[in-house]
Amino acid sequence: MPEQPEVEGLLALMLLHHARRAARTDANGDIVTLEDQDRSRWDRAAIAAGLDALGRASRLGSDGPYQLQAAIAAMHALARDFSSTDWRAIARLYGRLEQLAPSPVVALNRAVAVAMDEGATAGLAHVDRLVAEGALDGYAPLHAARADLLRRTGRLDEAAAAYERALALAGSGSERRFFERRYRELRAPQRAAERIP
């Protein structure tokens, strides 16, 4: 399908996501967060092909949801490391995506990008609005994201409760193990503090 920008955008998105596949889980099949991924395991040829497809889509002159998602994936792929990710640009891209294809999941992803750019409190305000709306109440990643932001703001009891909710909704075994590990990490310092006379 030549001259179809969204087809090129979808190809770019698929290639850029596929490029990180080998680093997304560890040897036990457990989830490795983007922050902790070994970027040397990313497929540089797939990244280059994805960027080429995104460039072709961009030259065709109209952006669409697949192109915007591919542009977000490209921002991650081009960052030297997690700390150098341009979260402000990613939040803007999610904002544009929300305009073109609004959904609660897109809003959640934007909230996380805002948290990475402006701080956990700013992102948490967006997440709490989504919680109040209720559209994602049965979506484990919403509660896990909220738990992480609560943890970052020092609200540990609320974070634990949010992880418990995420665990209750967890789908796959790897997702469940990830949430359990985060919950244990959160509770470990509290248990240690309780043992101190």
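The values are calculated or read from the model by the stated rules, or taken from the named source; none is laboratory data. Only a predicted model underlies this, so the values are computations on that prediction, with no experimental measurement involved. Using ideal geometry, Cβ is built from the backbone for each residue, glycine included, and neighbour counts are taken over all protein chains shown.
A quick yes/no check of all residues on (1) modelled with pLDDT under 95; (2) of a type in the set (D, E, K, R); (3) touching an Asp or Glu at 6+ places or on another chain (Cβ under 6 Å); (4) part of a helix (DSSP H, G or I):
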{"position": "Ala71", "(1), (2), (3), (4)": "no, no, no, yes"}
{"position": "Arg88", "(1), (2), (3), (4)": "no, yes, yes, yes"}
{"position": "Arg92", "(1), (2), (3), (4)": "no, yes, no, yes"}
{"position": "Val105", "(1), (2), (3), (4)": "no, no, no, yes"}
{"position": "Met116", "(1), (2), (3), (4)": "no, no, no, yes"}
{"position": "His126", "(1), (2), (3), (4)": "no, no, no, yes"}
{"position": "Arg129", "(1), (2), (3), (4)": "no, yes, no, yes"}
{"position": "Ala135", "(1), (2), (3), (4)": "yes, no, no, no"}
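Looking only at residues in region 151-184 that are polar (S, T, N, Q) and assigned to a loop (DSSP other than H, G, I, E, B), the one that is nearest to Ala115 (Cα to Cα) is Thr153. For region 137-150, taking the residues that are assigned to a helix (DSSP H, G or I) and of a type in the set (Gly, Ala, Ser), the one that is farthest from Val106 (Cα to Cα) is identified as Ala147.
Of all residues in region 1-57 being surrounded by 12 or more Cβ atoms within 10 Å (Cβ to Cβ) and polar (S, T, N, Q), which is nearest to Ala77 (Cα to Cα)? In this case the residue turns out to be Gln37.
Note on region 23-62: residues that are without any contact (Cβ under 8 Å) to a residue 40 or more places away in the chain and among the aliphatic types (A, V, I, L, M) total 9. With respect to the stated conditions, Arg96 is among the charged types (D, E, K, R), part of a helix (DSSP H, G or I) and either modelled with pLDDT of 95 or more or closer than 24 Å to Asp43 by Cβ (or both).
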